[in-house]
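So the structure is just underneath, and the comments pick up after that.
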Amino acid sequence: MFPLSSTLELSSAATLVLALMLGFGFGFSLERAGFGSARKLTAVFYFYDMSVVKVMFTAIVTAMAGLFLLSAAGLLEFSELYVEPTNYAGAIIGGLLFGTGFVVGGYCPGTSIAACATGRIDGFAFVAGMLGGVFLFAEFLPGVDEWARSTAQGEITLPGLTGISMGWFVLLFVVILVVASRGMRAAEKHFAGLRPSR
């Protein structure tokens, strides 16, 4: 039954409408959560507001548990899901660049679009810089994409790498989420003095 792409044949128009609806819903949710504000997003680096990490980690664990339960119920075939080929060097370099951009600019790509939708000037500046970076990358570093493909190690998953079943990893990450949530609440209390007065 799932993923739907394996059982449904959607037209290009239907796919576009669905993408727009999902994008609007995602952007609306980001803004309602306060993630269209660079102050809210960068607060995580000062430890007095860990909302971003809480939301992202909870979403990852929820999706992991949901996929596992759907698979266990026979409603989802894992082989139908696309897994991005693993490239350790690429992931490390990309993570450092992404993290640096996040710290300096205060946004990630999705949240910057949400900021633009509400008229934030810094959001527009971030998107302009992001698009400029994409253009420069495409024009002057064409070999990076070829290098990333040629050095990829294939589809690597934790169960495949360790031989431990998916169910145990789901349980492990649920426990980690609970422990991390308590730790983040403690950090927020400890670093509350760093919160700006306005």
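Data overview
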read-out: Among the candidates 107, 88, residue that is surrounded by fewer than 13 Cβ atoms within 10 Å (Cβ to Cβ), within 30 Å of residue 145 (Cα to Cα), among the hydroxyl-bearing types (Ser, Thr, Tyr) and modelled with pLDDT of 90 or more; value: 88
read-out: Enumeration of residues in segment 79-104 that are of a type outside the set (Val, Ile, Thr), touching a residue at least 40 places away in the same chain (Cβ under 8 Å), more than 26 Å from residue 20 (Cα to Cα) and part of a helix (DSSP H, G or I); value: 88, 89, 90
read-out: Scope segment 66-78; condition in a helix (DSSP H, G or I) and surrounded by fewer than 17 Cβ atoms within 10 Å (Cβ to Cβ); matching residues; value: 66, 69, 70, 71, 72, 78
read-out: Subset of segment 48-63 that is touching a residue at least 40 places away in the same chain (Cβ under 8 Å) and buried (at least 17 other Cβ atoms within 10 Å of the Cβ) - its residue that is farthest from residue 174 (Cα to Cα); value: 48
read-out: Only one of 112, 197, 181, 165 that is among the polar types (S, T, N, Q) and surrounded by fewer than 11 Cβ atoms within 10 Å (Cβ to Cβ); value: 197
read-out: Single residue of segment 1-35 satisfying the filter (touching a helix residue (DSSP H, G or I) at 6+ places or on another chain (Cβ under 6 Å) and assigned to a helix (DSSP H, G or I)) that is surrounded by the fewest Cβ atoms within 10 Å (Cβ to Cβ); value: 6
read-out: Long-range neighbours under 7 Å by Cβ, at least six apart or interchain, first residue acidic (Asp, Glu) within segment 111-128, second part of a loop (DSSP other than H, G, I, E, B); value: 122/106
read-out: Flag for residue 152 being in contact (Cβ under 8 Å) with a residue 12 or more places away in the chain, surrounded by 13 or more Cβ atoms within 10 Å (Cβ to Cβ) and within 27 Å of residue 23 (Cβ to Cβ); value: no
read-out: Yes/no for residue 124 being at pLDDT below 95, in contact with a Cys (Cβ under 6 Å, 6 or more places away or on another chain) and either exposed (fewer than 12 other Cβ atoms within 10 Å of the Cβ) or farther than 29 Å from residue 171 by Cα (or both); value: no
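Listed here are the residues, each with its yes/no results for (1) assigned to a helix (DSSP H, G or I); (2) at positive phi; (3) of a type in the set (Lys, Arg).
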{"residue": "119", "(1), (2), (3)": "no, yes, no"}
{"residue": "134", "(1), (2), (3)": "yes, no, no"}
{"residue": "138", "(1), (2), (3)": "yes, no, no"}
{"residue": "152", "(1), (2), (3)": "no, no, no"}
{"residue": "177", "(1), (2), (3)": "yes, no, no"}
{"residue": "186", "(1), (2), (3)": "yes, no, no"}
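The values are calculated or read from the model by the stated rules, or taken from the named source; none is laboratory data. Every value quoted in this text rests on a predicted model; they were computed, and no experiment measured them. For neighbour counting, all protein chains shown are included, and Cβ atoms are generated from backbone atoms with ideal geometry for every residue, glycine included.
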